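The values are calculated or read from the model by the stated rules, or taken from the named source; none is laboratory data. The shown structure was predicted, so the numbers you read here are calculated from the model rather than taken from an experiment. All Cβ positions, glycine included, derive from the backbone under ideal geometry; neighbour counts span all protein chains shown. These accessible areas exclude ligands, DNA and RNA; they are computed on the full protein's heavy atoms, side chains included. Shrake-Rupley method; radii C 1.70, N 1.55, O 1.52, S 1.80 Å.
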Amino acid sequence: MLLLSLAIAPGIAICLYIFFKDQYNKEPRRHLIVSFFLGVLSAFIALGLQLLLTPLHKALMPQNIFSIAIFAYLVVALTEEWSKYIMVRYYAFPKKEFDEPYDGIVYSVMVGMGFATIENIMYVMQHGYATAFVRMFLSVPAHGTFAVLMGYSIGKAWINYDRRIMYMMLGLFWAVFFHGTFDFFLFLREDQLVKQYVSEIMLFSGAVISFAVAVWLSRRAIKEHVILSQQIHGDNQNDNS
């Protein structure tokens with residue numbers, strides 16, 4: 001039970017942080033709960049796609065850095081972020097309650113944390129406490145930043161509805177880019193040929209740096225959309241009062 005709690009806690013904590021940042025027009029809790037469990041479903045969709053694509057990748061690609069990059073960005077990051085994206089795009093975005101840019105971040109994070117939580121449970125229950133603590137401070141928050149970056153652009157799509165497809169694809173792109181970069185350095189740590197020339201610490205540092213940049217961008221994205229939320233709904237509240 002302690003392991004299970006450690007696996008679940010970080011995702012729930014991030015959900016609560018994003019929820020309480022939504023100060024002016026909170027989303028219905030039923031939509032947030034459904035989004036979270038759609039994120040759980042998206043993890044199984046991504047897993048199914050990866051089970052199909054991984055043998056194909058191994059059969060077609062020689063083992064080198066380029067192959068690792070293809071695996072990180074296209075087989076892992078693209079399948080996972082696309083699976084999350086379709087849940088936000090087709091469940092949350094059409095809702096009438098999706099009525100401000102910050103909602104893109106809220107729903108994306110709920111889906112992302114559903115994904116990260118079920119993934120975390122599987123890893124932690126298999127590998128134990130050390131994995132639980134590492135993933136609590138790195139992998140799960142990383143999924144949170146990918147979700148914020150995607151949600152930021154989905155929020156932009158709500159503002160610029162005529163150009164929504166461009167902004168939607170931009171959100172997917174940035175999530176895949178940072179997710180793929182994060183995984184790329186972690187996968188390089190497992191390659192024996194690469195480790196002959198580059199230390200494991202340097203490779204891990206590459207993943208941490210990409211995560212830090214994503215965190216910085218995510219904080220800016222949250223701040224910008226919270227200000228827009230205040231301008232849209234704070235003014236309305238003042239008028240009503």
Exercise. Between GLN126 and GLN23, what is the FRET efficiency for a Förster distance of 51 Å, r being their Cβ-Cβ separation, to the nearest 0.05?
Worked result: 0.85
Seminar exercise, completed: Output row, site GLN63, 7 Å Cα→C-beta label point, backbone N cut-off 15 Å, window the stretch 174-196, residues 187-196
Exercise. With every protein chain in place, what's the accessible area of ARG220 (1.4 Å probe, Å², nearest 10)?
Worked result: 140 Å²
For this session: For the stretch 78-232, would you read off the P(r) tail past 22 Å as a percentage of all alpha carbon pairs?
Result: 44 percent
For this session: Would you please give the FRET efficiency between ARG163 and ILE12, computed as 1/(1 + (r/R0)^6) with r the Cβ-Cβ distance and R0 = 41 Å, to the nearest 0.05?
Result: 0.75
Exercise. For the stretch 1-108, what mean projected area does the convex hull of the alpha carbons give, in nm²?
Worked result: 8.9 nm²
For this session: For the chain, with all protein chains present and a 1.4 Å probe, just round the carbon and sulfur fraction of the accessible area to a whole percent.
Result: 68 percent
